[in-house]
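These notes concern the structure reproduced below.
Rule-based calculations on the coordinates, nothing more; no lab input. Please read all numbers here as calculations on a predicted model, not as lab measurements. Neighbour counts are summed over all protein chains in view; Cβ atoms, including those assigned to glycine, are modelled from backbone coordinates with ideal geometry.
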Amino acid sequence: MFKHLGRVGYTKIAADLMAMVDADVLGTEAIPGLEMHTRPDLTIIKFGSYEVDIFRVAELMAERDGVPGLTQRPRVMHAMMSMLHAPACESYLLDLSDAVAAVLSDGGKTTEIIAQYWEFPRCITGRLWPGALSQSYEHDNRTCPRNRSRRGN
C-alpha cells in the first residue's frame, strides 16, 4: 500500500478515517438516550443505552436497510468503520436518531432478537479455513463450540 499511496497518502487516509470516526462518535453521543460504551482508539465504535432497548433500535435500523452490528454482553451496537462508510455517516446518524426516538415513543416495546456469532471452520494449523460458514451459535458458555474444550465436552 505504501508503494501505491506513499507515506503522505497513507497518512492522509488514516487521518481522514480517524476524523470520520470522531465525527461519528460526536454524532452518536448527541442522540438523546445513547452513549458510547468506550471511547474508540481506532475504528471500532460501540454504543448502547440505559433508556431504550438498543436491540429494538437495531431492529428498526435493519428495517431501513441498515446492517447493525450487535454484541450480547454488553448489549450494544457496534460498527467497524472504514472510509467506505464516509458518504453514509450523516444519513446513518439521522436514521439512528429517528430509530431511537421511535423506540422512546413506543412505550417501552422491546425485541426478542439476540446477537449471533458465526464460527468459521479451522484447518489443522489453526488458521481460518476459507470454506463456508458453519452453524451459528449464541456466544455463551452453554453453546459456543470454542468453550466446549474448557467444559470437558
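Net charge of the neighbourhood of THR28, taken over other residues with C-beta under 13 Å away and scored Lys/Arg +1, Asp/Glu -1, is -4.
Applying both filters, DSSP loop and at most 16 other Cβ atoms within 10 Å, to the chymotrypsin sites (Phe, Trp or Tyr not before Pro) of the range 1-96 gives TYR50. Of THR43, THR11, THR28, the sequence from fewest to most neighbouring Cβ atoms within 10 angstrom is THR11, THR43, THR28. When the P(r) of the range 11-64 is calculated, the portion above 15 Å amounts to 54% of the C-alpha pairs.
Listed by chain and number, the aspartates and glutamates whose C-alpha is less than 15 Å from the C-alpha of LYS46, apart from same-chain residues fewer than 8 away, are ASP22, ASP24, GLU29, GLU35. With N as its number of residues, the range 2-105 has a Cα radius of gyration that, divided by 2.2 N^0.38 Å, comes to 1.15. For the pair ILE44 and ASP65, the difference between a 0.36 nm per residue extended length and the Cα-Cα distance amounts to 5.5 nm.
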